[in-house]
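Readers should treat all values here as calculations from the given coordinates under stated rules, not as data from a laboratory. None of the values given here were measured: they were computed from a predicted structure. Quick reminder, even Gly has a Cβ in these numbers, built from the backbone with ideal geometry, and neighbours come from all protein chains shown.
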Amino acid sequence: MAKSKIYAGLEIGTSTICVVVGEVLGNGSIKILGVGQAPSRGVRKGEIVDFETAQTCLNDALVEAEEKSDVEISSVYLAVSGSHIESLCNKGSIRIPEVEGINEITEEDLDEVREIARDIKLPSENVFLHSIIRDYYVDGQEKVQNPVGRQGEVVEADYHIIHGIKTRLQNTIRCVREIPINVEEVVFSPIAAAQVMLKREHKDRGSLLIDIGGGVTDYVMYTGGSVAQSGCIGVGGDHITNDISVVMKIPLTRSEKLKIEHGSALVEDDGGDSIFLEDGPLTSGLEIDKELLNQIINARATEIFEQLKDRITKYDDLDTLGAGVFLTGGGSKLKGIDKLAEEILGLPVSLARISSMSGASAPFENPQLATSMGLIRYAQMIDSDRSENDNMMTKIGKKLGGIFRGDSVD
């Protein structure tokens with residue numbers, strides 16, 4: 001039986017910094033050893049704006065994770081987000097030369113067609129974050145898993161490519177490295193979350209995972225088992241809290257509590273009722289109209305889902321998503337958010353649940369930890385690939401090096 005291995009996943013979110021320590025056991029299952037969380041400060045819309053403050057919060061989360069897991073954390077898989085991160089799909093194709101009357105596809109042919117598919121020109125300030133193979137085609141035949149050894153005249157490779165602004169990615173990596181903690185690899189947040197939130201069946205049938213965070217909303221869509229779209233919208237749960245604060249003229253902390261305890265994304269929920277706020281410096285005897293509260297929440301939540309719908313339907317048909325939509329992230333805990341999403345997207349919507357993990361300290365029902373826990377599964381997959389491909393470490397190193405030098409990398 002293979003030896004067990006321990007990994008740490010880190011997400012520096014707008015509202016919370018999460019560190020998860022997990023052990024991949026010899027049989028491939030994952031046991032969560034410890035979770036560390038700290039309120040996030042110095043972070044805006046998923047990006048670090050105050051290094052010193054963010055590092056203090058990060059250190060608090062790391063210390064808690066180490067104490068709970070009894071593991072000294074020296075390296076992490078790091079989730080990144082931000083509205084600057086974009087994606088696209090691109091195909092490359094080559095004609096297979098005939099050798100002794102046979103057009104047989106070789107590993108060298110695949111290397112060549114993969115390079116062509118990933119050879120795209122990005123904006124000068126951007127670098128590659130991920131290039132994910134979607135499908136191979138041989139003479140137009142779709143979803144050929146391994147074309148090597150097959151006969152054909154033309155082979156194509158279809159890639160999903162995720163990229164972002166180099167300096168913004170650098171900032172997050174540098175914040176962690178100065179702790180000092182080594183960064184094993186950088187992962188786009190929804191790609192990590194999908195590893196534990198979506199089952200293989202969901203990806204095969206077609207599904208959309210929406211991660212509603214504090215400052216941003218990340219998403220990844222699968223069709224036929226492959227990534228079709230992914231991206232980030234610069235609107236999240238904190239925007240709803242801020243709207244409540246401005247309209248109701250109450251502090252942000254009271255607005256957040258009001259949203260969570262009494263608010264709904266559906267205007268008709270409990271309409272006409274009133275809420276009496278507890279006494280406070282600025283809210284003594286204040287009465288809140290519940291219908292108005294829900295209208296404020298509904299307006300901003302509607303904006304999130306309409307933006308998502310516009311982005312996705314620009315390239316794909318939502319009707320192809322047979323498994324429907326899955327919500328995660330702190331914002332998914334808002335009452336009625338799933339029903340509102342169903343109304344706007346026209347698809348069945350479920351609250352995603354973390355699966356395939358164990359451990360007494362694993363808070364399975366907390367969607368805020370989806371990305372950090374997904375990083376553990378992602379790390380397991382990367383290590384599995386490394387064992388099959390000795391060049392994997394070189395490729396990862398090349399990617400991180402490229403982010404810091406500005407090269408175009410895989």
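What to note about this one:
- Computed lengthening from V63 to T313, 0.36 nm per intervening residue step minus Cα-Cα distance: 85.6 nm
- For the stretch 86-165, the extents of the C-alpha atoms along the principal axes are 48, 21, 16 Å, listed from largest to smallest.
- I179 versus E125: modelled label distance in nm, points set 7 Å from Cα along the beta carbon direction: 2.8
- With the simple model of a label 7 Å out from the Cα in the direction of the Cβ, D135 to V154 spans 1.5 nm.
- Annotation: amide H of A228 within the under-5 Å range of M221, Y222, T223, sequence separation 5 or more or interchain, hydrogens built in the peptide plane.
- Taking each of K5/K166; K91/K121; K121/K309 in turn, the alpha-carbon distance tops 24 angstrom for K5/K166; K121/K309.
- Cut-off under 5 Å, modelled amide H: who pairs with F188 long-range: V80
- Computed E for K249/D204 - FRET, C-beta separation, R0 45 angstrom, nearest 0.05: 0.35
- From its DSSP helices (H runs of at least four residues, each -39,500 (n - 2.57)), the chain gives a residue-normalised ellipticity at 222 nm of -11500 deg cm²/dmol.
- For the stretch 199-351, share of DSSP beta bridges that run antiparallel, in % to the nearest 5: 65
- Modelled label positions at K5 and E107, each set 7 Å beyond Cα in the direction of Cβ, lie 2.0 nm from each other.
- Among 77-87, 143-153, the peptide with the highest mean count of other Cβ atoms within 10 Å heads the list, and the full ranking is 77-87, 143-153.
- Here the Gaussian network model covers the chain, with springs between Cα atoms less than 10 Å apart; of M221, M373, M381, M381 fluctuates the most.
- DSSP bridge pairs, the chain: antiparallel proportion in percent, nearest 5: 75
- Of the options (1) 21.2, 63; (2) 22.7, 89; (3) 22.5, 71, only one is Rg and Dmax of the Cα atoms in Å as computed from these coordinates, and that is (2).
- Between amide H atoms placed 1.01 Å from N, distances below 5 Å from A38 occur with I17, all of them 5 or more places distant or on a separate chain.
- Long pairs among K68/K257; K290/K339; K68/K259; K143/K314, criterion Cα-Cα beyond 20 Å: K68/K257; K68/K259; K143/K314
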